[in-house]
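What follows is a single structure, written as structure tokens, with notes after it.
Laboratory data are not the source of any read-out in this text; all were calculated from the coordinates shown. Quick caveat, the model's predicted, so the values are computed rather than measured. Ideal geometry is used to build each Cβ from the backbone, glycine not excepted, and the neighbour counts take in all protein chains shown.
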Amino acid sequence: LQRPNLLNDLPALDSETLLTLMLRKEFPDLPESICQKIVPKVAEVRGDQLPWNRRQRRRILRARRVILHLYSGKDQKTWQQLEDPHTVVICVDRLINPKMDMMNDNLMLFLLKIAASGTLHAVIGGPPCRSVSACRYAEDDGPKPVRSEQEPYGFSTLTEQQRAWVEEDVALMFRMKLLYMTAEHYKPSWCKKIIFAMEQPQDPKEYRSAEDVKKFQFMSVWRTEAWKRFRTR
């Protein structure tokens, strides 16, 4: 797959098609409905839809290294201690600014352009885990399981509303992966490896009893085929 220089060419290309092809090549079993949620539908970034003003955006784009912390919570100061004259830390969370929504296509495209520039050197974060939590298997009146390792993108029996938020959870995780894939592809020669760290619940097989594991057949993101393929890249 030929991958043009995204930073320079995205505005002139059908970026949606290009990024969809990248995803399809790596994850051929990804449902079309989720793929559409992952890939931004905009070809140019609107500055008024971003959480940073022009001066802040200029500082981010001029940095030699960018560390991206997604779903970071409110605390930015702790992470920004990692900054130096050549490094900028970006914390992204709706708790900081409503425009810091990773389903915001303008935000996603801006972050993709940073990744394609070769300056994004670390992608870390903990995307929503509500749809894979072991708590869903508790035999009480709480929410029930909605995904499994056999149906990692949502049970076929889900209601329309359930499927919408399950697919959004999956899309948020894959948007993080897409940023990493782009950064890894465009990293400069002096950068050996892009740092990637994604937080998700521990595999229940590692801490629940064998009896519970057999009874509930807990899902773990870490054992799904798509994630296994991603970890080997």
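Observations on the model:
- Computed log₁₀ I(q)/I(0) - Debye formula, equal Cα scatterers, no solvent, the stretch 99-233, q 0.13 Å⁻¹: -0.64
- Relative contact order %, the chain, counting alpha carbon pairs below 8 Å whose residues are six or more apart: 21 percent
- Overall dimensions of the stretch 89-163 by Cα: Rg and Dmax, Å: 16.7, 49
- Crossing angle, helix 15-26 versus the chain [Cα axis fit, 0-90 degrees, rounded to tens]: 50 degrees
- Dipole axis of the stretch 100-203 (+1 Lys, Arg; -1 Asp, Glu on Cβ), positive-most option in SER131, LEU109, PHE174: LEU109
- Highest mobility in the GNM of the chain, judged by mean-square fluctuation with C-alpha springs under 10 Å and restricted to GLU167, GLU151, GLU211, is found for GLU211.
- Here the contact order of the stretch 29-121, divided by its residue count and restricted to Cα pairs under 8 Å and six or more residues apart, works out to 34 percent.
- Taking Cα centre as origin and charging only the Cβ of basic (Lys, Arg, +1) and acidic (Asp, Glu, -1) residues, the dipole magnitude of the stretch 1-144 rounds to 700 debye.
- Since only THR224, SER209, LEU19 are under comparison, the one whose Cα sits farthest along the positive direction of the charge dipole of the chain, derived from C-beta charges on Lys, Arg, Asp and Glu, is LEU19.
- Within a Gaussian network of the chain (alpha carbon springs, distance under 10 Å), most fluctuating of ARG94, ARG147, ARG223: ARG223
- GNM top mover of THR157, THR119, THR17 - the chain, alpha-carbon springs below 10 Å: THR157
- Nearest 10 degrees, 0 to 90: helix 160-185 Cα axis against the chain principal axis: 40 degrees
- The stretch 59-189 - percent relative contact order, Cα under 8 Å, separation 6 or more: 26 percent
- Lysine pairs in the stretch 108-233 with Cα atoms under 14 Å, if 8 or more residues apart or on separate chains: 4
- Cα shape, the stretch 1-148, gyration tensor, a/c 1.5 rule: oblate
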